[in-house]
Each structure stands twice: as C-alpha cells, then as structure tokens.
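Colleague: First, the structure itself, so that you have it in front of you.
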Amino acid sequence: MNLNFIITFCIFHLSCAWEIPDNFAKTGHSNNWAVLVDTSRFWFNYRHVANVLSIYRSVKRLGIPDSQIILMIADDMACNPRNPRPATVFNNIKQHINVYGDDVEVDYRGYEVTVENFVRLLTGRLAPETPRSKKLLTDEGSNILIYLTGHGGNGFLKFQDSEEITSKELGDALEQMWQKRRYHEILFIVDTCQASSMYEKFYSPNILAVASSLVGEDSLSHHLDPAIGVYIIDRYTYYALDFLEKVEPSSSKTLEEFLKVCPKHYCLSTVGVRKDLFRRDPEKVPVTDFFGSLRPIELTTSITNVLLPAKTNKTKAIEPERKYSYVAQFPDVSKFT
C-alpha cells in the first residue's frame, strides 16, 4: 500500500477524533463494559424490564458494543401473552421509543438470572464451557457500569422473588474483582427500594455508587400506561434516561451533572451517592467514561519517520510441482467365489 496514502489516512482520522476538554482528569482506562441486570419476574414488574432496556439502549447509542455489554433480564415482557403490543417494550406512555428494538442481545434470560450466575460473572468464576457472550472479559484497564433494578430492602436485592443477594455478598464480589485486577473504575447504580443500603458494605477502591433511594425510603414508579395496566418505568431511571438522551459521544457533560438528574421533588425519594471510594473528582469526569466508549487522543505535531523495508529483486524459488500417483486397491474376490 502506498506510504503517502497511509499517512494521509491516519492524519484524517486523528483530526476527526473527539477532543477531550482540558479540565477533564485523565481516565487511565482502556476499555468500557456494562453489566445491566433486571432481577424481577412477572407482568406487574414490567417497569423493571423497561428500566434496564432503557439504559441498554443508551450505552449502545453512546458507543459500547454488544460484545462488551452483559444484559440480564429475568422475564420476557415483549413475548408475554398480556402484552397488547407483542415484541415491544415501551418506557413512555407516548410510545416514542421501543426499547426492545430489533437488535437486543440478551445474554442471561429468565431463570438464568440468579445470584450465583451474577456473582460468578463479576468474579470470573464461570465454567470453562461458558460462551464468550456470557463472560465479563474485563481487565485492570476496564471502566465498568453496573446497573441493577428490581425489588430490594435494607441490605438486600431480590432475584426472581425466590432468592436475594446481600450488600455484604456484593461488596465481597467487588473486592474479588479488584484483587483479580478485573476493573479500573466502577460506576455502580441501583434503582430499588432502600437502594443505598446496597453500597454501604463496599470497601474496594475506585467505585462511585449511586442509589435511587435512602434506607427507609421506597423507590417509586413514574407513570402508568392504561393500555397495558401497569407502571412502565421507575422515576429515577426515567430522569436518568432523560439526561442521557441529551448526551452525545462528544459531550462535555460530567458525572457530577449526572448525579443530580433526579432531585427529591422529581424522584419523591432521596438519591444517595457514595464518593469516598472514588479517586477522581466527578466534576472532572465525563459521563461518557462509563456510559460511552470515548477515548482521549493526544495529537502531536512532531514528525515521525516511517521506514519501509528495502525493495529487493530477489524472488522465492518456485517449488517444483509435485506429482502424485494413486493406485486403486481392490479386495481379492477370488476367495469369495
């Protein structure tokens, strides 16, 4: 390939790269992942599926590929016989966006969404035969968004209405991830009742945790869709989505702005935030560090000499064509006559 073409191609694409504002702290991470989990079954929990699919749609739009998103959905609302609009899931009564879409890739579905599978996923303790799509293949350069929605209480989150994960178990799982160098930074978001209790037992570094309600508070739904007879999205996720819909890959919006998306007069609950484990200032962290796949690129004006291997007139000796002969061997039929 022509050297001038290669240099021109590289300069063009570097000049088109998004620039990171100078006031943003250096990220230090090299890749982005998202773990999005709905833990609830049954039709009346439609909103929890809409919650997780809304976040899924946002992170995909902002650049995280499906190969780096783990989507866990405990029930299939799109195919539920009570759904008057089959193969769709809407998060708004106006039905502007079908968050189920045409390209949703669910990695853990139905009864695969268990506490054991969730913990094994985070800690990398899955069976060797587990498909690649079901593995969290992160490393020490990974920024991970972990989003959980469902029913919870003081110190626990229910899975499938039959089991629960405690805040202590979750904190220990994250510590295993840190010890095994499975993340660089984590943005942990939980939308459930008494949600802040889920991050109280965290003790690993580089984690920023957000909860839709404090201990003793309920996390409330936003609005009802009369056509299907159930609430279709929770308040915290509704306003988080409203914020994310205005974010573009080149956006300068920060995590600090994201932390303020749902004041109490909107959420009717108090959003909890835990920053003491997080080493960076959220005011200097772009929201795309977790919800997108943006990379800072440093441009240089220095000249770099690219040396190509010297041309040679020598050619490889052509190997003489090999000829093969085949001798058909037939059984001696005389012994059968």
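Colleague: Surrounded by 20 or more Cβ atoms within 10 Å (Cβ to Cβ) and among the aliphatic types (A, V, I, L, M) - does that describe any residue in the range 80-88?
Modeller: No, the conditions are met nowhere in the range 80-88.
Colleague: Is it the case, given these coordinates, that Val106 is β-branched (Val, Ile, Thr) and under 12 Å from Val37 (Cα atoms)?
Modeller: yes
Every residue, every condition in (1) under 27 Å from Cys267 (Cβ atoms); (2) touching a residue at least 40 places away in the same chain (Cβ under 8 Å); (3) of a type outside the set (S, T, N, Q); (4) in contact with a Ser or Thr (Cβ under 6 Å, 6 or more places away or on another chain), yes or no:
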site: Asn154; (1), (2), (3), (4): yes, yes, no, yes
site: Ile186; (1), (2), (3), (4): yes, yes, yes, no
site: Asp191; (1), (2), (3), (4): yes, yes, yes, yes
site: Ser196; (1), (2), (3), (4): yes, yes, no, no
site: Phe202; (1), (2), (3), (4): yes, yes, yes, no
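Colleague: OK, next. Scan the range 77-123 residue by residue and report those that are under 26 Å from His223 (Cα atoms) and polar (S, T, N, Q).
Modeller: Across the range 77-123, the qualifying residues are Asn80, Asn83, Thr88, Asn91, Asn92, Gln95, Asn98.
Colleague: Looking at this structure, is Leu121 closer than 23 Å to Val215 by Cβ, among the aliphatic types (A, V, I, L, M) and touching a residue at least 60 places away in the same chain (Cβ under 8 Å)?
Modeller: no
Colleague: Just checking, which of Ile69, Ile55, Ile73 is surrounded by fewer than 24 Cβ atoms within 10 Å (Cβ to Cβ), β-branched (Val, Ile, Thr) and touching a residue at least 12 places away in the same chain (Cβ under 8 Å)?
Modeller: The unique qualifying residue is Ile69.
Colleague: Only one residue in Leu299, Leu294 is part of a loop (DSSP other than H, G, I, E, B), loosely packed, with under 13 Cβ neighbours inside 10 Å and either in contact with a Cys (Cβ under 7 Å, 6 or more places away or on another chain) or at pLDDT below 95 (or both), so which one is that?
Modeller: Only one candidate passes the filter, namely Leu299.
Colleague: Right, another one. Which of the residues spanning the range 235-280 are modelled with pLDDT of 95 or more and among the acidic types (Asp, Glu)?
Modeller: Glu256, Glu257, Asp276
Colleague: Then there is this: When you scan the range 247-262, do you find a residue that is closer than 24 Å to His151 by Cβ, in contact with a His (Cβ under 8 Å, 6 or more places away or on another chain) and buried (at least 17 other Cβ atoms within 10 Å of the Cβ), even just one?
Modeller: Checking the range 247-262: not a single residue is closer than 24 Å to His151 by Cβ, in contact with a His (Cβ under 8 Å, 6 or more places away or on another chain) and buried (at least 17 other Cβ atoms within 10 Å of the Cβ).
Colleague: So, one more: If I go through the range 224-237 residue by residue, how many of them are in contact with a helix residue (DSSP H, G or I) (Cβ under 8 Å, 6 or more places away or on another chain) and not in a strand (DSSP E or B)?
Modeller: Number of matching residues: 6.
Colleague: On to the next question. Within the range 140-169, can you find the residues that are under 18 Å from the mean Cα position of the chain (by Cα) and within 24 Å of Gly216 (Cβ to Cβ)?
Modeller: Hits for the range 140-169 are Ile146, Tyr147, Leu148, Thr149, Gly150.
Colleague: From the list Ala127, Ala78, which residue is of a type in the set (A, V, I, L, M, F, W, C), over 20 Å from the mean Cα position of the chain (by Cα) and in a helix (DSSP H, G or I)?
Modeller: Ala78
Colleague: Same structure, new question: Do you know which residues across the range 130-180 are more than 29 Å from Arg47 (Cα to Cα) and in a strand (DSSP E or B)?
Modeller: Ser142
Colleague: Within the range 11-47, restricting attention to residues that are at pLDDT 50 or above and β-branched (Val, Ile, Thr), which residue is nearest to the chain's Cα centre (by Cα)?
Modeller: In this case the residue turns out to be Val35.
Colleague: Now for a different question. Looking for whichever is part of a helix (DSSP H, G or I), at pLDDT 95 or above and not hydrophobic (A, V, I, L, M, F, W, C) here; the options are Ser196, Ser213, Ser204. Which one fits?
Modeller: Ser196
Colleague: Looking at the range 75-133 only, could you name the residues that are touching a Pro at 6+ places or on another chain (Cβ under 9 Å) and under 22 Å from Ile165 (Cα atoms)?
Modeller: Result: Asp107, single match.
Colleague: Quick check on this structure: which one of Tyr183, Tyr203 is over 17 Å from Ser54 (Cβ atoms), touching a helix residue (DSSP H, G or I) at 6+ places or on another chain (Cβ under 7 Å) and crowded, with 21+ Cβ neighbours inside 10 Å?
Modeller: It is Tyr183.
Colleague: What residue, of Glu105, Glu116, is loosely packed, with under 15 Cβ neighbours inside 10 Å, within 16 Å of Leu148 (Cβ to Cβ) and free of Cβ contacts under 8 Å to residues at least 40 places away in the same chain?
Modeller: Glu116
The values are calculated or read from the model by the stated rules, or taken from the named source; none is laboratory data. This one's a predicted model, so the numbers in the text were calculated from it and none came from an experiment. As a convention, Cβ positions derive from the backbone with ideal geometry for all residues, glycine included, and neighbour counts pool all protein chains shown.
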